[in-house]
Amino acid sequence: MVGIQEDRNLSITARNHIGALQSLLIVSVIFIGILIWFQFSIDAVIGISILWGIDAITSLYLHFEYLSKNKGEEYEVRDSELIRRKDGKETIYKNDEIEKIIVYLSPALYKNSNFHFLAIEGYHYAIIKMKNGEKLILTSLLAPRIDKSLKQIRGVLFEKRKRLFCSIL
């Protein structure tokens with residue numbers, strides 16, 4: 001079919017879960033390395049535990065928030081339309097029905113950087129505003145870079161906004 005490519009299918013997969021949690025796993029390994037370096041001194045354990053706890057709790061919060069938002073949804077991005085599949089029902093949104101796409105990105109992703117200091121920096125989402133008032137929310141659990149996937153839709157206003165903590169609520 002014209003306008004369909006495999007990388008335009010957006011869905012929650014095990015690979016997307018691991019990709020989203022990758023920064024947290026890397027930070028965990030680094031923190032364990034620091035603890036080993038300091039021979040598990042009580043000050044190092046307390047300090048690392050606090051830093052890791054804050055990073056882990058915030059990133060896991062975003063992960064579960066995103067998962068609950070897009071669970072059971074699948075999207076297909078085409079040049080002229082966006083197709084949403086949920087609960088066995090397929091809805092087609094033509095480009096002329098879409099008012100604009102707003103993508104909320106962490107500062108690192110906003111600058112197109114792959115370096116993340118915190119695990120929360122990998123999480124981002126898009127709001128697709130329809131002309132009829134309906135809103136679709138697509139999170140980074142559907143695709144590693146939701147902004148790049150949605151940019152393939154032609155003729156729709158596209159905005160990028162910077163946000164440190166990309167919570168949907």
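Readers should treat all values here as calculations from the given coordinates under stated rules, not as data from a laboratory. From a predicted model like this one, the values you see are computed outputs, not experimental measurements. Here the Cβ is made from the backbone with ideal geometry for all residues, glycine too, and neighbour counts use every protein chain on show.
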Rounded tilt (10° steps) of 14-37 against the dominant C-alpha axis of the chain: 10
Short version: ³J(HN,Hα) in whole Hz for each residue of region 81-89, in order, from phi by Karplus 6.51 cos²θ - 1.76 cosθ + 1.60 (θ = phi - 60°), x for Gly and Pro, what are they? 6, 10, 10, 10, 10, 8, 6, x, 10
³J(HN,Hα) computed for each position of region 67-78 - Karplus, 6.51 cos²θ - 1.76 cosθ + 1.60, integer Hz, glycine/proline x: 4, 5, 6, 10, 4, x, 9, 9, 10, 10, 9, 10
Could you work out the helix-only [θ] at 222 nm for the chain, with each DSSP H run of four or more residues adding -39,500 (n - 2.57) and the total divided by the number of residues, to the nearest 500 deg cm²/dmol? -12000 deg cm²/dmol
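Check each of the trypsin sites (Lys or Arg not before Pro) in region 106-169 and keep only those in coil by DSSP with at most 11 other C-beta atoms within 10 angstrom; list them in order.
Numbers: sites: Lys111, Lys129, Lys131, Lys135, Arg145, Lys148, Lys151, Arg154, Lys160, Arg161, Lys162, Arg163; in loops: Lys111, Lys131, Arg145, Lys151, Arg154, Arg163.
Filter output for region 106-169: Lys111, Lys131, Arg154.
With charges only on Cβ, +1 for K and R and -1 for D and E, what is the dipole size of region 10-162 about its Cα centre, in debye, rounded to 20? Working shown, then result.
On the way: 21 positive and 17 negative charges, 84 e Å.
Computed about the Cα centre, the dipole is about 400 debye.
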Can you give me the Cα centroid spacing of region 58-88 and region 120-169 in angstrom? 10
Candidate values (1) 120; (2) 186; (3) 196, label of the one derived for volume of the Cα convex hull per residue in Å³: (1)
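Neighbouring Cβ atoms within 10 Å as the yardstick, rank Lys94, Lys100 fewest first. Walk me through the numbers on the way to the answer.
Numbers: Lys94 10, Lys100 13.
Ordered from fewest to most neighbouring Cβ atoms within 10 Å, Lys94, Lys100 come out as Lys94, Lys100.
If you build the convex hull over the alpha carbons only and average its shadow over all orientations, what do you get for region 125-167? Give it in nm² to one decimal. Display every interim value, and only then the final one.
Details: hull surface 14.0 nm².
Over every viewing direction, the Cα hull of region 125-167 projects on average to 3.5 nm².
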Under 8 Å for C-alpha pairs, at least 6 residues apart: give me the relative contact order for the chain, rounded to a whole percent. 29
